[in-house]
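Let me begin by presenting the structure, written as structure tokens, before commenting on it.
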Amino acid sequence: MKSFISSLLIFFTCVSYSQTTINSSTFGMMEARWLGPGTMSGRITAIEGVAQDGKTLYVGTAGGGIWKSTNAGASFKPIFDKYCQSIGAIAIDPQNPKVIYAGTGESNMRNTVSIGDGLYKSNDAGDNWVKLGLEKTEHIAKIVINPVNTNIIYVAAPGPLWNSSKERGLYKSTDSGKTFEKILFVSEDAGCADVSVDPNHPDTVYASSWEFRRKPYSFNSGGNGSGFWKSTDGGKTWKEIKNGLPVKPFGRIAFAVAPSAPQNVVAVVEAAETGLYISADGGENWKKQSATFNVVSRPFYFATIVIDPKDPKRVYRPALSFSYSNDGGYSFADATNDGGWVHSDHHALWINPNNTNQLYLGTDGGVYISLDRGATWNFVPCLPVGQFYHVALDDRKPYNIYGGLQDNGSWTGPSAAAGGVTNGMWKAINGGDGFWVQPDPNDIYTAYAESQGGNINRINLVNNKAVVIKPQQAPGEEKLRWNWNTPLVFGAANKKNLYAGSQYLYKSTDQGRNWLRIAPDLTTNDKKKQEQENSGGLSADNTSAENHCTIFTIAESPLDEKMIWAGTDDGNLQYTADGGKTWVNVSANYARAGIPAQTWVSSIEPSRFDKKRVYATFDNHMYGDHKTYLGRSDDMGKTWTLISSAEFTGFAHKIKEDLVNKDLLFLGTEMGLFATLDGGRNWFRMKNKIPEYALVRDIQIHPRTHDLVIATHGRGILIVDDISPIRRLTKEMAEKNVVLFPNEPITLTTGQFGNGGFPVTGGWVAPNPPSISPIKYYLKERASMGEVKVDIYDPEGRLVQSIPGGKRKGVNMVEWNLCMKPPKVASGGTKIDFSGFLAPMVLPGEYTVKLKVGDSVYTSRLKLVHDAADKNFTLEDRKKQYKTATDLYKLHEQLADVVDTINARQKLIKENLTKVQDSVLKKKMEQYHDELEKLRGECLATKQKSVFADEKKLREEITEVYGGVTGQEAAPSNLQVQRTTVLQQEVKKKEEAQKQVLKKYDGEVMTGLRKEGLVKPPPGEKKGF
Amino acid sequence: MKRILFAFLFIAAATAVFGQTADEIINKHIEAIGGAEAWKKVNSVKMEGTIQVQGAELAVTITVLNGKGARQDLSIMGMTGYQIVTPAEGWNYMPFQGQTTPEAMTAEDLAESQDDLDAQGNLIDYAAKGHTVELLGKDDVEGTECYKLKITKKGGKSETIYVDPKSHLILRSVEIRKANGQEIEVATNYSNYEKLPEGIIVPKSMTLPFGELILSKITINGDVDETAFKK
């Protein structure tokens, strides 16, 4: 029996293999646009440069992978998009700079820190990567390579943040990372935070161990596991460094060994009283220094201290701000803001060892470059690694994007703009850390934004003035508890309803001027989880980041404004069906489906197709459980199905149901974006220029443009434009070899934007979506054999355009600019005439699209319509424009014929001139050539080669008018029409002149050439004529 | 019994997939494009086609005479530019942006370009020609999971190719080209593979970053004179 079942299983496996699998490749050319922006960039965790060239840089980010520059920071490209996006440390082999190590899992252990999945290596400067191991360490703080024997590598792993684990400590490899041995392990609660080797005696190794633990509602830095260690035998034996250091327990210790005088060591030691300590004897004895606030601030978050590669007295302390010392750490000064503000919260510093004036600094707001040893800084504006928490959209044309970011406030920017979306088009509208930002659906001049802990503002988008609208504690209520990331949402059914949640749920229908509390405390109100004043450990740290027993997510049913769902960070999911009069807690119900208690309810999605259906995501990572929890209930939360997939990775942040196809769902997790087209039975990881392990925090779908807008925590905003082809793709369609999608009518236009203006001078530039809807088709398999092209026929059946088609598996898109083929322009001359790239736009009507794939042809209709709403360009105007444009088009082709004839005759003369015997004939030929050349010189510019010397002849004269009339959305002016008539006469004259020259010479010259046997008689003529 | 057989087949298939070496993939690829024997008969190749650039057509002719010369001509609206490589010299002439006279290739560029004189393609007898090939694993090319191989050529240039595991045709190549002291990655996608009368199979469509080159005519072993490789 068992064997029978197995056979059956294999049989079914085979069957499913033969079917077309719908996955990310089905999206084909529907790829993400990277909106960025680079304006505020995002948290940088590691920067390493290649000493040998001083211009190759690797930048590790908190949630955007690794970016490489080969030009000292002028431009970057991402090189780690197939792997975990949270980077803890990078190291470059000092002897072979093509060898790069990357440790995943940032070690700046803030509340929102992401996790890693091990250590990676590249042997070819970042083109290809392999995972070496250490998967379960989750966080890697530093990688150090022995400078003499680069096969020896040390990896400092603080280890898992939310639970006890053996997978932490200091690891050593002696075979370039093939195998690792744990050489320093203190306890399951204390990992390794920092490591250095003495460059002169590389068996001398320093390391700090760190006891640190987070809970969802507090954290603790410090304990008996924290310590400072030294080994002189490459890590075989260790002794604890103590002399002169403060009394234990320690917290986190950051330290640096002076590369040019390694007996000098500096350390920032977190203790009851955190201080800066200096040793001049290799760590044997220490002396405390007076230090500024910045030098000792927030040790768990600022763990970088660096000594100049050449000057042991020059010490850098990037922390809350940037401090430097010229005297070995006795005194510090701060960077100035001349040249611009330097974003606070620093985590990485690279100094070019061959030019120690040149520094690269990584902050919570991107990378900065200094050329004066850190006194002043220039911002690098081309790293789009912002950490959005949420995203919202408005309905303007083009629509705007709104969102808040880690340590970077709240912003709004356009989804498209003339020339592309650039940094400067984004506007900061609120400070602090940013989370939810909501445009007012009823008032285009108003948006709502917040900073951490529920500080909600109503913002005037014109002048950026803010009104504080945070709800306040009422008499008899408990102190309000606001999440770090307080929910602030508009109703999906009634767009006047604005909701916000502390432990209570509030609603306003007048832009936050008046609030109504519509729920009791919806949390568990567990007092043990509300002792945030005691959080931080050795250094008190209570910033609202650990606030707990709060509402975390709110959603109004799109089908009923009285039906509201609220989820909390402590495991409650509650709904009301009567606008808040009564509430039902369904948490016990989903627990039965296997979703743990106390879990954060990270998102709720009431269905827009079925009032009783609701989806929710649950995030349990703060209890050390990284599983992906996605639940669905079809009975108002009474019973739940846990939706799972082998594809899923990362704890879940957001579930989004499509607006049209109820079976199309998107799931965003800490490690990827996933989609299903069958209501959740089969899921696939989205790629298509979406980093495969992107930290996806929020997902929106624009109701008008059908764009999928993704808020990532490390790659800014990503947009997949117009997902409607995927909505329509049924399983049956996916089985077909080719599907040509029906075309929506297209309004005739040259596009959304003009081409004017100047190129962008720097920063991140996001491309625009196609402004004319492309012709779309689906290919089941990539077309490797046979031609793929799209032919377009006008209503009379004439071929107007032929465009090579995409060949990729999945949805292909062919962009047609709605124009005919450009005219043939007079060939030759000294410059390229741009009329050869320009064609009149076709007229409205029913067109036919013929898609040719190999030997098969697929046909669809394409209706082109005039925009009747455009008062500046009526249908009558369009017809006039078309007539003049095609008149000029014809003139170009007529002139091209004249010039072709001239060119052919001149070629013939040149080929035979040296061969001709008869001197009279030769003379005649020279005269003939000269007269042709004179005429040619009147037809087109033949003399001036410099682009700065305008030589204007008839071809160029036609182009001036043609270029204007053809490219504009307006009727031609009276003078453009008049000028066309003049040019028609001019062309006629040239045709006549060409005939005259031929008449004068051609018979005689041709006869002479035939006589000499240099040209054959024309076909049909008898020999000997 | 049947079950065991099935299981065995699955394991065998799995091993085959993971056990492919670079040489096995290259050999299958060469079989897929007509076999080494047919390719070794190729002495000259002339390919003519067009690239559509914003609706205008750019005429392209590529000529290779094995070991003697390689030439690319680009022509638009009567203006023609070219690149020539021979064992002794190389020239670039691109008048479209105002260049008035051909420019000689640097000795370094010329040395690197010598591998372009191979009319049979670098993969036929690659080891004997002094190239090395490394299998880098698998990678996605527009939704097709391909073998990724890196070819380091004798002249020093390297190229990464992506081979479709089903058809063993090359779907994409990525070359690092040096220009003005910077390295630029140029990716080309290949399609419309067609068998020629000579028995070799060649792509008639090459998608470059700025447009698609569609070949209309391919002449194998036609008369190509060495004088064609003069500036």
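Per-structure values
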read-out	value
One residue from B:LEU74, B:LEU135, B:LEU123 being buried (at least 17 other Cβ atoms within 10 Å of the Cβ), out of contact with any Lys or Arg (no Cβ under 7 Å at 6 or more places or on another chain), under 30 Å from B:HIS168 (Cβ atoms) and within 14 Å of chain A (Cβ to nearest Cβ)	B:LEU135
Those residues of region A:207-228 which are over 19 Å from A:GLY88 (Cβ atoms) and touching a residue at least 40 places away in the same chain (Cβ under 8 Å), in sequence order	A:LYS215, A:PRO216, A:TYR217, A:SER218, A:ASN220, A:GLY222, A:GLY223, A:GLY227, A:PHE228
Yes/no for A:ALA766 being crowded, with 20+ Cβ neighbours inside 10 Å and away from chain B (no Cβ under 13 Å)	yes
Test for A:ALA291: is it more than 13 Å from A:ALA256 (Cβ to Cβ) and surrounded by fewer than 16 Cβ atoms within 10 Å (Cβ to Cβ)	no
Positions within region A:298-320 being closer than 20 Å to A:ALA46 by Cβ and free of Cβ contacts under 8 Å to residues at least 40 places away in the same chain, in sequence order	A:ALA319, A:LEU320
Test set (1) within 14 Å of chain A (Cβ to nearest Cβ); (2) of a type outside the set (Val, Ile, Thr); (3) out of contact with any helix residue (DSSP H, G or I) (no Cβ under 6 Å at 6 or more places or on another chain); (4) touching a residue at least 40 places away in the same chain (Cβ under 8 Å) - B:ASP115 fails condition number	(1)
Any hit, region A:354-364, residues being in contact with an Asp or Glu (Cβ under 8 Å, 6 or more places away or on another chain) and buried (at least 24 other Cβ atoms within 10 Å of the Cβ)	yes
Search result, residues across region A:907-957 that are in a loop (DSSP other than H, G, I, E, B) and either among the small types (Gly, Ala, Ser) or not assigned by TED's automatic domain parsing to the domain that holds A:VAL982 (or both)	A:ALA941, A:SER946, A:ALA949
Residues that are hydrophobic (A, V, I, L, M, F, W, C), buried (at least 24 other Cβ atoms within 10 Å of the Cβ) and within 27 Å of the chain's Cα centre (by Cα), drawn from region A:126-150	A:ILE140, A:ALA141
Lone qualifier among B:THR219, B:THR207 - being touching a residue at least 12 places away in the same chain (Cβ under 8 Å), away from every other protein chain (no Cβ under 11 Å) and either among the basic types (Lys, Arg) or part of a strand (DSSP E or B) (or both)	B:THR219
A:VAL800 more than 8 Å from chain B (Cβ to nearest Cβ), within 13 Å of A:LYS850 (Cα to Cα) and part of a strand (DSSP E or B)	yes
Given (1) within 30 Å of A:ASN352 (Cα to Cα); (2) buried (at least 19 other Cβ atoms within 10 Å of the Cβ), index of the condition A:ASN220 fails	(1)
Region B:168-189, subset in a loop (DSSP other than H, G, I, E, B) and modelled with pLDDT of 95 or more, residue surrounded by the most Cβ atoms within 10 Å (Cβ to Cβ)	B:LEU169
Filtered residue count, region A:51-77, keeping only those that are assigned to a loop (DSSP other than H, G, I, E, B) and basic (Lys, Arg)	1
Subset of region B:146-159 (residues that are closer than 20 Å to A:ASP127 by Cα and more than 9 Å from chain A (Cβ to nearest Cβ))	B:CYS146, B:TYR147, B:LEU149, B:ILE151, B:THR152, B:LYS153, B:GLY156, B:LYS157, B:SER158, B:GLU159
Hits in region A:393-433 (condition: acidic (Asp, Glu), under 23 Å from A:PRO767 (Cβ atoms) and in contact (Cβ under 8 Å) with a residue 60 or more places away in the chain)	A:ASP395
Identity of the residue in region A:772-793, among the acidic types (Asp, Glu) and in contact with a strand residue (DSSP E or B) (Cβ under 6 Å, 6 or more places away or on another chain), that ends up farthest from the other protein chains (Cβ to nearest Cβ)	A:ASP791
Hits in region A:877-919 (condition: without any contact (Cβ under 8 Å) to a residue 40 or more places away in the chain and farther than 25 Å from A:LYS824 by Cβ)	A:LEU913, A:THR914, A:SER919
Filter pass, A:ASP663 being of a type outside the set (Lys, Arg), free of Cβ contacts under 8 Å to residues at least 40 places away in the same chain and part of a loop (DSSP other than H, G, I, E, B)	yes
Complete set of residues in region B:94-111 that are in a helix (DSSP H, G or I) and modelled with pLDDT of 90 or more	B:ALA107, B:LEU110, B:ALA111
Close pairs from region A:234-249: first in contact (Cβ under 8 Å) with a residue 60 or more places away in the chain, partner buried (at least 16 other Cβ atoms within 10 Å of the Cβ) and part of a strand (DSSP E or B), Cβ under 6 Å, at least 6 apart	A:GLY235/A:LYS172; A:GLY235/A:ILE183; A:GLY235/A:VAL205; A:PRO249/A:GLY223
Selection within region A:824-869 - farther than 17 Å from A:THR886 by Cβ, touching a helix residue (DSSP H, G or I) at 6+ places or on another chain (Cβ under 8 Å) and within 11 Å of chain B (Cβ to nearest Cβ)	A:ALA826, A:SER827, A:GLY828, A:GLY829, A:ILE832, A:ASP833, A:PHE834
Failed item, numbered, when A:GLU926 is tested on (1) of a type in the set (D, E, K, R); (2) more than 14 Å from every other protein chain (Cβ to nearest Cβ); (3) surrounded by 20 or more Cβ atoms within 10 Å (Cβ to Cβ)	(3)
Which numbered condition B:TYR162 misses (of (1) more than 9 Å from chain A (Cβ to nearest Cβ); (2) out of contact with any Cys (no Cβ under 9 Å at 6 or more places or on another chain); (3) without any contact (Cβ under 8 Å) to a residue 24 or more places away in the chain)	(2)
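Okay, residues lined up against (1) within 14 Å of another protein chain (Cβ to nearest Cβ); (2) assigned to a loop (DSSP other than H, G, I, E, B); (3) modelled with pLDDT of 95 or more:
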| site | (1), (2), (3) |
| --- | --- |
| A:LEU718 | no, no, yes |
| A:GLY754 | no, yes, no |
| A:PRO770 | no, yes, no |
| A:PRO795 | no, yes, yes |
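The values are calculated or read from the model by the stated rules, or taken from the named source; none is laboratory data. All values reported here derive from a predicted model rather than from experimental measurement. Reconstructed Cβ throughout: ideal geometry from the backbone, glycine too, with neighbour counts over all protein chains shown.
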